[in-house]
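Read through the structure below, which is laid out as structure tokens, and then see the notes.
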Amino acid sequence: MKNGIDLNDCEKVNNGINDIIDKADYIKEQYFLEISSPGVERVLRKERHLEENIGKEIIINLFKPINNQKQIEGILNKYDDNKIYIQQEEIVEIERKNISLIKLKFEW
């Protein structure tokens with residue numbers, strides 16, 4: 001969604017789905033339905049997610065450490081089929097096959 005999802009959107013979906021689930025009685029045990037947006041530290045899974053976030057700060061979790069680090073932070077500079085390039089003091093190239101997770105970083 002281009003303009004994002006706000007709390008009112010989540011509430012509308014929650015109310016609509018909750019009534020349907022209760023009426024159909026799909027879930028026999030007590031449950032709590034939680035509807036939320038992807039959040040400010042959303043995971044970047046698709047190529048378009050990467051494209052939309054070039055120039056933004058990201059966090060990359062790695063399968064194998066690079067320079068004794070399994071988590072690298074920096075500005076998403078560019079990407080291709082094989083690598084992600086992030087800007088720290090200099091450009092760091094990270095093999096995509098070594099990446100377990102990429103997400104936006106948000107300063108709390």
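What follows draws every value from the coordinates through simple rules; no lab data is involved. Being a predicted model, the structure only gives us computed values, none of them experimental. So basically every Cβ, Gly included, is an ideal-geometry build from the backbone, and we count neighbours across all protein chains shown.
Overview of results
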item	result
Calculated Rg and Dmax of the range 60-108 using C-alpha coordinates, Å	10.3, 32
D19-R42 FRET efficiency (beta carbon distance; Förster radius 35 Å; 0.05 resolution)	0.80
Positive dipole terminus of the chain, leading residue within I75, I86, G16 (C-beta point charges)	I86
Using a Förster distance of 35 Å, the FRET efficiency for E89-I5 (Cβ separation, nearest 0.05)	0.50
Degrees between helix 7-24 axis and first principal axis of the chain (Cα, 0 to 90, nearest 10)	50
Qualifying lysines (Cα of each under 22 Å from Cα of K23; at least 8 residues distant if same chain)	K12
For the chain: relative contact order, % (alpha-carbon pairs under 8 angstrom, 6 or more apart)	24
Residues in the range 56-73 reached by a label modelled at I99 [backbone nitrogen below 13 Å; 7 Å Cα→Cβ]	56-63, 72-73
D (Stokes-Einstein, µm²/s), Kirkwood Cα radius, the chain, 1.002 mPa s at 20 °C	131
Length gained when the stretch I27-K70 is fully extended (0.36 nm per residue, less Cα-Cα span)	11.5 nm
